[in-house]
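For reference, the structure is listed below as structure tokens.
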Amino acid sequence: MSGNVLVVDPSERPDLIRGLASEVRISILKLLRDGEEKNVNQIAERLGLPQSTVSSNLQVLEDVGLVTTESRKARKGSQKVCRTAFSEILVGFHDDLKEAGDGSIEVSMPLGLYTTCEVTAPCGLCSAEGVIGLLDVPNTFLEPDRMKAGLLWFTRGYVEYQFPNNTKLNRTKPTALEFSMELSSEVPGTAADWPSDIFLQVNGVEIGTWTSPGDFGDKRGVHTPSWWKLAGSQYGKLKNWRINGSGSFIDGVQISDVTLDDLQIDHHRSIRMRIGVKEDAEHPGGMNIFGKGFGNYDQDIVLRITT
């Protein structure tokens with residue numbers, strides 16, 4: 001299962017918000033949401049609109065990146081084939097940005113605010129109040145209520161988060177990136193000896209792998225709600241992945257030679273962080289991510305940018 005989700009801050013993308021401010025364009029996006037590509041004539045016929053109206057509105061959607069188009073040969077000339085770029089569009093404000101006292105910037109990302117995902121069962125999502133959607137059904141990862149998630153787990157695959165690149169906004173130069181999150185392996189029930197190779201990528205660049213020793217359930221997590229059964233995953237290890245000018249590190253131990261320059265932060269408006277378990281991992285033991293309301297640390301995924 002895969003899904004592409006756009007999370008947009010209106011203050012950063014007013015052009016995109018204006019692009020959505022049209023009943024015609026909303027109708028086009030709804031029509032394309034099934035994932036099947038359609039040409040301009042098909043869209044015009046389905047919506048009962050003139051072809052010229054559809055073409056002009058498609059151009060607006062293409063300009064702001066909500067629709068992709070491709071010219072293909074037809075029986076007479078060429079035709080423009082269209083598809084939507086995202087299965088969901090979420091509007092939210094980045095209001096948890098703060099300047100840290102040591103000259104760094106922190107952004108806290110809720111677990112459910114991933115922008116794309118591809119996971120396999122067993123898998124699931126929970127909020128502090130209860131289970132979200134259906135357990136072991138990958139499509140649940142596209143449920144709107146995922147925004148409330150404080151715990152997510154899956155066996156293979158990944159979730160990807162898109163953080164704002166605030167160094168571009170502040171016109172500062174980053175010297176290090178650090179991602180902090182509470183992680184564990186995932187097994188039906190729990191098992192202290194259940195290794196899993198959890199990888200991290202940033203802007204499409206492989207940073208390195210941490211092998212989680214197990215899925216911990218010997219005692220209830222400090223913040224894990226009482227309704228969550230003791231037989232389920234209770235807490236993880238707080239891991240800090242840091243990339244600077246010397247290389248990449250987990251908890252201060254170097255894991256690769258990938259440096260900050262390799263990530264080309266200055267060339268991107270956002271910082272994309274993907275975390276997961278590969279199909280061909282030596283220890284494919286799944287993973288849990290614990291956020292607010294679960295585990296021992298009561299935090300979501302934190303990005304710190306040292307400037």
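The values are calculated or read from the model by the stated rules, or taken from the named source; none is laboratory data. Note that this is a predicted model, so its numbers are computed, not measured. Cβ: placed from backbone, ideal geometry, glycine included. Neighbour counts: every protein chain shown. Just the protein is used for accessible areas: all its heavy atoms, side chains included, with ligands, DNA and RNA removed. Shrake-Rupley method; radii C 1.70, N 1.55, O 1.52, S 1.80 Å.
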Subject >> Members of the stretch 136-176 that are modelled with pLDDT under 95 and not in a helix (DSSP H, G or I) >> reply: GLU143, GLN162, PHE163, PRO164, ASN165, ARG171, THR172, LYS173, PRO174, THR175, ALA176
Subject >> Close pairs from the stretch 69-87: first closer than 30 Å to THR140 by Cα and in a loop (DSSP other than H, G, I, E, B), partner open to solvent by 40 Å² or more (accessible area, probe 1.4 Å) and not aliphatic (A, V, I, L, M), Cβ under 6 Å, at least 6 apart >> reply: ALA85/THR68; PHE86/ASN4; SER87/ASN4
Subject >> Matching residues, the stretch 177-193, being in a loop (DSSP other than H, G, I, E, B), open to solvent by less than 40 Å² (accessible area, probe 1.4 Å) and either of a type in the set (Gly, Ala, Ser) or touching a Leu at 6+ places or on another chain (Cβ under 6 Å) (or both) >> reply: SER185, GLY189
Original post:
Residue check: is GLY252 of a type outside the set (A, V, I, L, M), open to solvent by less than 80 Å² (accessible area, probe 1.4 Å) and modelled with pLDDT under 95?
Top reply: yes
Subject >> Lone unmet requirement of (1) open to solvent by less than 70 Å² (accessible area, probe 1.4 Å); (2) assigned to a helix (DSSP H, G or I) for ARG46 >> reply: (1)
Subject >> Every residue from the stretch 221-237 that is without any contact (Cβ under 8 Å) to a residue 60 or more places away in the chain and either hydrophobic (A, V, I, L, M, F, W, C) or exposed (fewer than 14 other Cβ atoms within 10 Å of the Cβ) (or both) >> reply: SER226, LYS229, LEU230, ALA231
Subject >> Considering residues of the stretch 255-283 that are open to solvent by less than 50 Å² (accessible area, probe 1.4 Å) and not β-branched (Val, Ile, Thr) only, the residue nearest to LYS229 (Cα to Cα) >> reply: GLY276
Subject >> Counted residues, the stretch 11-39 - those being open to solvent by 70 Å² or more (accessible area, probe 1.4 Å) and over 22 Å from the mean Cα position of the chain (by Cα) >> reply: 6
**OP:** Name every residue in the stretch 111-146 that is within 15 Å of ASN288 (Cβ to Cβ), open to solvent by 30 Å² or more (accessible area, probe 1.4 Å) and touching an Asp or Glu at 6+ places or on another chain (Cβ under 8 Å), in order of residue number.
**Re:** ALA121, PRO122
